[in-house]
Amino acid sequence: MSKTIWIAVIALVASAPELSAAWQADTPAQVAERFLVAAAQGDETGLDAAMADADWRETHPLLVRALREWPEVFASYLDEGKPALQEVIEATPNALGVEQLARVVLRSALAAEARSLHLVWRDGGWKVGSATGLLAGLEPGGGEAPDLSDGEEASAALHTLLEGLYLISLGERHTGEAIVASVLADTVTESATQMVLGYPDAEPYVLYSYAAGTTVQEAYEDFDPFGFRVLLERIEARADGGWRGYAVSSGARRSKPVGFVALDSGRVVIDDFSALLVGVEKPSADTW
């Protein structure tokens, strides 16, 4: 797997004239502004224009939930109508079909540390690839434990886990690890966490196989890391009050059990993912 090459770092913590000079059409900063304003206002037409994936309503479950239940989180990244920018970093991952990537680092009153919005170069311009870095782990006040019986919330949690791991594959380790940590239960051991965090480097094909539609012939890399779906074959209640969903892998004969827990805060976390990491067909040496 090729390594990420960082090619530019633009600090945007300077004076107002310097900031306005960076505010040019089609820059990552301006796309981030359009996205945040549209999200804060519930402007889906604006979001359609800003997002890289036209089917983002189906492929970005955490974003959809935030827009529905907690739109004010997006306003928290704005300062007098402009993004509270810290920096913009561009990179060339050359992996998973992503040639150019930009990380827009933003400050929020709701988060102790700055968080990242990821943009990808598509069709001659910058588009928002993922807002999960802005949202993962943040919670609205007074949330209620969600109902996992229909599988929607569990699928969203699994999607978030995989998205964090895919970002690590693209060289975005810090954000990826933070996203993974946000969706793992407190009962998950440190050794188990470090094990799954090692897969993007050691055996990434295992993780890629859970993006719907991937094939072993293409080393499971035939998917968009900023526009993928995950499939749960079924979900069932556990005796301890948690839930067990069965994730479909393109490289396994049987779906893999994943454990989920619904928190009173409204978040769903994963407390057992070990089965995801075994029993996936390895691509041939010609493709891997």
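For segment 169-191, the condition of being modelled with pLDDT of 95 or more, within 23 Å of P225 (Cβ to Cβ), assigned to a loop (DSSP other than H, G, I, E, B) and within 10 Å of the chain's Cα centre (by Cα) holds for none of the residues. If you filter segment 114-139 down to residues that are among the aliphatic types (A, V, I, L, M) and part of a strand (DSSP E or B), you find that the one that is surrounded by the fewest Cβ atoms within 10 Å (Cβ to Cβ) is V120.
Taken over segment 24-49, the criterion of being touching a residue at least 12 places away in the same chain (Cβ under 8 Å) and assigned to a loop (DSSP other than H, G, I, E, B) is satisfied by D26, T27, G42.
Does G164 count as crowded, with 19+ Cβ neighbours inside 10 Å, in contact with a Pro (Cβ under 7 Å, 6 or more places away or on another chain) and in contact (Cβ under 8 Å) with a residue 12 or more places away in the chain? Give the steps one after another, and end with the answer.
On the way: crowded, with 19+ Cβ neighbours inside 10 Å: yes; in contact with a Pro (Cβ under 7 Å, 6 or more places away or on another chain): no; in contact (Cβ under 8 Å) with a residue 12 or more places away in the chain: yes.
When the stated conditions are applied, G164 does not pass them.
Considering segment 197-288, the qualifying strands (runs of 3 or more DSSP E), each wholly inside and each with 2 or more residues that are free of Cβ contacts under 8 Å to residues at least 60 places away in the same chain, run over 232-237, 243-247, 256-262.
Can you name the residue in segment 94-113 that is of a type in the set (A, V, I, L, M) and not in a loop (DSSP other than H, G, I, E, B) and is also surrounded by the fewest Cβ atoms within 10 Å (Cβ to Cβ) among such residues? Going through the qualifying residues, I end up with A95.
The values are calculated or read from the model by the stated rules, or taken from the named source; none is laboratory data. All figures in this text were calculated on a predicted structure; none of them were measured in a lab. Note that we place each Cβ from the backbone using ideal geometry, even for glycine, and neighbour counts take in every protein chain shown.
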